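**Student:** My questions will all concern the structure given below.
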Amino acid sequence: MAHDLIALIAHYGLFVVFINVLAEQAGVPVPAVPTLVVAGALAAGDRLPLPGVLLAALAASLISDTGWYLAGRRFGGGVMRTLCRISLSPDSCVKQSELRFQRWRGRMLLVAKFVPGLSTVAPPLVGAMGLRPGAFLLLDGVGSLLWAGAAVGVGYVFAPQIDRVIDAIEQAGVVALQGLAFLLVLYIAVKWWQRHRLLVSLRMARISVEELNDAIAAGRNPVVVDVRSSAARLLDGRAIPGALLADLEGVHLALADVPRDRELVIYCSCPNEVSAAKAASLLMSLGYRNVRPLQGGLEAWQEAGYPVATLPAEHSGAHDRVA
């Protein structure tokens, strides 16, 4: 069974490498690293050309990544949010990707393929953020070559040992498959439990977009706070009119002059309003008595047809107020 993989790669060669890498980078859950490792081992035995393996992997990565990059440029942050909704950690996917971009900018492409959950998200993110095509192709090409080279290199250097491991897996047969299946189920269960614990810890009353609109129309003048990251505001330059822009970590500083009994509504753009709920929890711990996250966030507000303002580029930072 395991040797079938070697036979398949040896027979169809670079085509298998190309298709596997293309599919994985497109988001299909078919890991390409085992194929690249085996291809490296075959290259060590002169059964596949080493430069050809690397070029096939590089071409497949660039084709798939360029498609996501163009989708990001065309459709903006919506593409990334769609990808994150189908991830095992949707509550942190968008936020973590935005923070990595905020820190590394386009250089994140150099390491994206080594970071679980970031490989497919990075190209549309940098596209939505406006990274130039030339810079994208250079950085993504180098990152793809580093990733493929690492996997192929492992196979090339440890070719004899890899063959023994494959033999051991084949001899274990059903037991090995059951073990791998158990580890996969365990991983999914752990991720689900982590997410469940996070959502339980942030369980609190939300305010709907209709209730917020009614409160504004009735003259209650709630303080609306946007706790999206600077990168998220660059991705989506819309905001609720009159909202105060604040960093999640410094939201209490932005509200230092606001009375503790003032009505506060916090919104973000992440799934399950996680950032808004975290900000609300922090503010309540500091004595603010009337704080609620906005259910559905900015997206729900706009979908309901309520007015939005466009952020000028210079107002993407914190402690500004939207006109």
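The values are calculated or read from the model by the stated rules, or taken from the named source; none is laboratory data. Computed from a predicted model, the values in this text were never measured in an experiment. So basically every Cβ, Gly included, is an ideal-geometry build from the backbone, and we count neighbours across all protein chains shown.
**Student:** Here's a check for you: in segment 105-138, which residue that is more than 21 Å from PHE75 (Cβ to Cβ) and not aromatic (Phe, Trp, Tyr) is surrounded by the most Cβ atoms within 10 Å (Cβ to Cβ)?
**Tutor:** LYS113
**Student:** What number of residues within segment 24-41 satisfy the criterion of being touching a residue at least 12 places away in the same chain (Cβ under 8 Å) and assigned to a loop (DSSP other than H, G, I, E, B)?
**Tutor:** Residues that pass the stated criteria total 2.
**Student:** Given (1) of a type outside the set (Gly, Ala, Ser); (2) over 27 Å from ARG105 (Cα atoms); (3) more than 24 Å from the chain's Cα centre (by Cα); (4) crowded, with 23+ Cβ neighbours inside 10 Å, where does PRO241 come up short, assuming only one miss?
**Tutor:** (4)
**Student:** From LEU286, LEU235, which residue is crowded, with 19+ Cβ neighbours inside 10 Å and either within 22 Å of VAL308 (Cβ to Cβ) or at pLDDT 90 or above (or both)? Reasoning before the result, please.
**Tutor:** On the way: LEU286 fails: crowded, with 19+ Cβ neighbours inside 10 Å.
Of the residues listed, the single one that is crowded, with 19+ Cβ neighbours inside 10 Å and either within 22 Å of VAL308 (Cβ to Cβ) or at pLDDT 90 or above (or both) is LEU235.
**Student:** For segment 170-181, does any single residue satisfy the condition of being surrounded by 13 or more Cβ atoms within 10 Å (Cβ to Cβ) and either at pLDDT 90 or above or within 29 Å of the chain's Cα centre (by Cα) (or both)?
**Tutor:** no
**Student:** Within segment 218-253, count every residue that is in a helix (DSSP H, G or I) and either polar (S, T, N, Q) or more than 20 Å from GLU303 (Cβ to Cβ) (or both).
**Tutor:** 6
**Student:** Which of the following residues is at pLDDT below 90 and crowded, with 16+ Cβ neighbours inside 10 Å: ALA7, ALA2? Talk me through it step by step, then tell me what you get.
**Tutor:** On the way: ALA7 fails: crowded, with 16+ Cβ neighbours inside 10 Å.
ALA2 is the lone residue from the list that is at pLDDT below 90 and crowded, with 16+ Cβ neighbours inside 10 Å.
**Student:** If I filter segment 75-88 for residues that are within 17 Å of GLY141 (Cα to Cα), part of a helix (DSSP H, G or I) and at pLDDT 70 or above, do I get at least one hit? I'd like the intermediate steps shown before the answer.
**Tutor:** First, the residues of segment 75-88 that are within 17 Å of GLY141 (Cα to Cα): none.
No - not one qualifying residue is present in segment 75-88.
**Student:** Also, quick follow-up: Inside segment 111-152, can you point out the residues that are more than 18 Å from PHE18 (Cβ to Cβ) and not in a helix (DSSP H, G or I)?
**Tutor:** VAL111, VAL115, PRO116, GLY117, LEU118, VAL121, MET129, GLY130, LEU131, ARG132, listed by residue number.
**Student:** In addition: Can you name every residue in segment 254-268 that is assigned to a loop (DSSP other than H, G, I, E, B), modelled with pLDDT of 90 or more and not acidic (Asp, Glu)?
**Tutor:** LEU255, VAL258, PRO259, ARG260, ARG262 - these are the residues of segment 254-268 that are assigned to a loop (DSSP other than H, G, I, E, B), modelled with pLDDT of 90 or more and not acidic (Asp, Glu).
**Student:** To continue, here is another question. Quick check, is GLU263 outside the structural domain of PRO124 (by TED's automatic domain parsing), surrounded by 15 or more Cβ atoms within 10 Å (Cβ to Cβ) and on the phi > 0 side of the Ramachandran plot?
**Tutor:** Working: outside the structural domain of PRO124 (by TED's automatic domain parsing): yes; surrounded by 15 or more Cβ atoms within 10 Å (Cβ to Cβ): yes; on the phi > 0 side of the Ramachandran plot: no.
So GLU263 fails the test.
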